[in-house]
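Readers should treat all values here as calculations from the given coordinates under stated rules, not as data from a laboratory. Predicted model only: the values in this text are computed from it and were never measured. All Cβ positions, glycine included, derive from the backbone under ideal geometry; neighbour counts span all protein chains shown.
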Ligand code: AP5
């Protein structure tokens, strides 16, 4: 663990567990920056950059983008934050290879993680959440038609722009995303499970109650929000 202050979190969990929702809460409470691999990839896809064009085929099919592409992208993001980096990794690492690359990068930067939060939820809840999700494509903020509705349907509370439904939230793609999670991401529970920084978060509670547990878990590690 480095002597550097700040919050450096990994958020793990299946699609729809609430990583993005809680990353925004942590960002507001701690000032740490949310780094969402999904949001970065979608911004590149929409701008039709070479990275975005390559990633789109995988994202549309509900598959993970290859490790070498993601690791290069995240090395750049994290290294650019400098020695006092404070971040919330939302959607990275997602394979054991990515976790090993993150360990190597953090060692090189003399930085350590301050928490690893595992968001647990059952399958039926995940499918219901993704089916009802509405997203602001400009900021990545998510709403839910029933559980967290915007003040005006289809409109973001903060910037007043349109909300969209993500194409990969279609039921058939969700099934493939969950299969990718089981095959490639779930092994990270074993990878990180013995670390004293590893905390399981029950996300079957309402959003505010989950936020309460998340902030308590971070505070326990000496980073009171
Ligand atoms: P990404 O965008 O990261 O998608 P994901 O991990 O599948 O996660 P989601 O954004 O779907 O879910 P979330 O856990 O953030 O849930 P949210 O808070 O929105 O990745 C997309 C794609 O990019 C991947 O499939 C892959 O192709 C590629 N990719 C990304 N990272 C990669 C990597 N590292 N390696 C390789 N490829 C990568 O919540 C969901 C809904 O539920 C919302 O509507 C919300 O309002 C609601 N909700 C949240 N919490 C609760 C609650 N407690 N109760 C009720 N409703 C709730």
Testing the spin-label approximation: label points 7 Å from Cα along Cα→Cβ at residue 202 and residue 166. State their distance in nm. 2.6
Anyone know which of 195, 36, 86 comes out most mobile in the 10 Å Cα GNM of the chain? 195
Heads up, the range 1-130 by the C-alpha gyration tensor (a ≥ b ≥ c square roots of eigenvalues; a/c under 1.5 rounded, else a/b over b/c prolate, else oblate) looks oblate
33, 8 arranged by Cβ crowding within 10 Å, fewest neighbours leading: 33, 8
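Which number do you get for Rg(Cα) / (2.2 N^0.38 Å) in the chain? Can you show the working numbers first?
On the way: Rg = 16.7 Å, N = 225, 2.2 N^0.38 = 17.2 Å.
Compactness ratio reported: 0.97.
Between residue 96 and residue 155, how high is the FRET efficiency from 1/(1 + (r/R0)^6) when r is the Cβ-Cβ distance and R₀ = 30 Å? Nearest 0.05.
Values: r = 41 Å, r/R0 = 1.36.
That pair, residue 96 with residue 155, gives E of 0.15.
Specify whether the C-alpha gyration tensor of the range 116-225 places it in the rounded, prolate or oblate class, a ≥ b ≥ c being the square roots of the eigenvalues: rounded for a/c under 1.5, otherwise prolate if a/b is larger than b/c and oblate if not. Each step should come with its number before you reach the end.
Working: a/c = 2.26, a/b = 1.31, b/c = 1.72.
Oblate is the answer for the range 116-225, as a/c is 1.5 or above yet b/c matches or exceeds a/b.
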